[in-house]
1. For region 68-79, take each phi angle, set θ = phi - 60°, evaluate the Karplus expression 6.51 cos²θ - 1.76 cosθ + 1.60, and give the result in whole Hz per residue in order, putting x for glycine and proline.
2. Add -39500 (n - 2.57) for each DSSP H run of 4 or more in the chain, then divide by its residues: what number comes out at 222 nm, to the nearest 500 deg cm²/dmol?
3. Using modelled amide H (1.01 Å from N, peptide plane; none on Pro or chain starts), what sits under 5 Å from the amide H of Ser398, excluding residues fewer than 5 places away?
4. Could you run the Karplus curve 6.51 cos²θ - 1.76 cosθ + 1.60 with θ = phi - 60° over region 34-48 and give me ³J(HN,Hα) per residue in whole Hz, x for Gly and Pro?
5. Taking the Cβ of Thr324 as the centre, find all other residues whose Cβ is under 10 Å away and add up their charges (Lys, Arg: +1; Asp, Glu: -1).
6. Once you list every other residue whose beta carbon is under 13 Å from the beta carbon of Cys389, what net charge do they have if Lys and Arg are +1 and Asp and Glu are -1?
7. Using alpha-carbon positions, what is the distance between the centroids of region 364-416 and region 299-334, in Å?
8. What residues qualify as long-range amide H neighbours of Gly411, i.e. H under 5 Å apart, gap of 5 or more or another chain, H built at 1.01 Å from N?
Amino acid sequence: MARYYLTSLGCRLNQAEMAALGRQLEMLGHGVVPLPQEADFVVVNTCAVTAEAEGKSRRLVRRLRRAAPQAQVLVMGCYAELDSTLGGVKEPGIVVLPMDEKRKALEDAAMLAEPTGGQPGAGSERSRTRAFVRIQDGCDNRCSYCIVWRLRGPQRSRTPEDIRREVSLLLENGYLEIVLTGVHLGQYGADLGLGEGALSSLVRLLLQDSRLRRLRLSSIEPWDAARLDLSLWQDDRLCPHLHLPLQSGSDRVLRLMGRRYSAQQYLDLVAALRGTIPDLALTTDVIVGFPGETEEDLQCTVDVLKRVGFLRVHVFPYSARPGTPAAGMDGQVPIPERERRARLLRELANELSLVYRRQYVGRCMPVLWEKKKGDLWVGLTPNYIRAYCQADLPLRNSILPARMLAPYHDGLLAELA
């Protein structure tokens, strides 16, 4: 039996891959440990969506190498594919796994280390609350700022039956919420010839399992969300939360980015979704300082953010990705200016989040309690509001109603109802 430690940076798809690898290793009889220094091998899934993500990936590999000199460190993911030298970090004991070897590497990972024997550490107990399930990988979009489609390759979907089997296994193992994720979630099934309604059909299939308590969709592009069967949300197990990347509120910048909608089309979609799905929470991504972005363009983004009223906005200063069209565009915005614009939008995002959360003060909502931080239990409502509650009961991995009391940090303070 080998002892392993898994960690991940970046998107939920990376998290889903690490979770699937952990389940596979566990079924093979290997044991997870809570600290890298206790491991026979370490696996890190890296990110390259921005230069900052690359830096975080390099630093993480260095930390793991120092913490676990006895272990083999397996590095995979987008940054490993982009730069196999890891910016000079690679050294003996670090193995970089190219993307085309990743799938086999996930299957054979346990064979790449000589176990030292012994039993897994106390960290082998998992909380089993929410499980991220990868339903597809790759992307056929060509957004001008993005390198991910090059690194992960073309769209590839898993079969509905394969996904259903994995979800069934997760439910048997006590998970209460399933999150469907992918690089281009809304194009699920296109490569299998399943038609435009493939994602909706998959959701319908999974909801047939009476053991399923919650199902959530991860990030979905606006043009794909417009094709969803909104009647699915009549089943309250499908969480009223969608992550719709906006990127910019300026039509001119959206065209430069290669996005397939205008600001007005995005707003029309939001109106249609909110008119059908009660208590819908929307979260989004925004890039500021894109080449050629003016103060007027920035104000367009501010206006759209205010009109939508997002629960959360992930703000990214534009980061030039080598080999992308945007990296060679005229009008590159100076980095200090990008950072200034990002700070402005983050301040706005905090204000909008507070406004959204306040409307639920006094409401009683079901919360999936996940973990304890200090004296407070932390969990999520169906519409993705983080709830904080003081309770002496062991709440982990239970769905219990709570009354929302007041804004607290990034969520709401609550009490068990």
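1. Working through the residues one at a time gives 10, x, 7, 9, 8, 9, 9, 10, 9, x, 5, 5 Hz.
2. Working: 12 runs with 139 residues, N = 417.
Theoretical 222 nm ellipticity from helices: -10000 deg cm²/dmol.
3. Close amide H contacts, sequence-distant or interchain: Trp369.
4. Running phi through 6.51 cos²θ - 1.76 cosθ + 1.60 with θ = phi - 60° gives x, 10, x, 5, 9, 9, 7, 8, 10, 10, 10, 9, 9, 9, 9 Hz.
5. Values: positive: Arg142, Arg150, Arg321; negative: none.
Computed value for this residue: +3.
6. Numbers: positive: Lys371, Lys372, Lys373, Arg386, Arg396, Arg403; negative: Glu370, Asp375, Asp392, Glu415.
Local charge sum for Cys389: +2.
7. What the calculation gives is 33 Å, centre to centre.
8. Amide H neighbours of Gly411: none.
Just so you know, all these numbers are worked out from the coordinates, no wet-lab data involved. Computed from a predicted model, the values in this text were never measured in an experiment. Backbone-built Cβ (ideal geometry, glycine too); neighbour counts: all protein chains shown.
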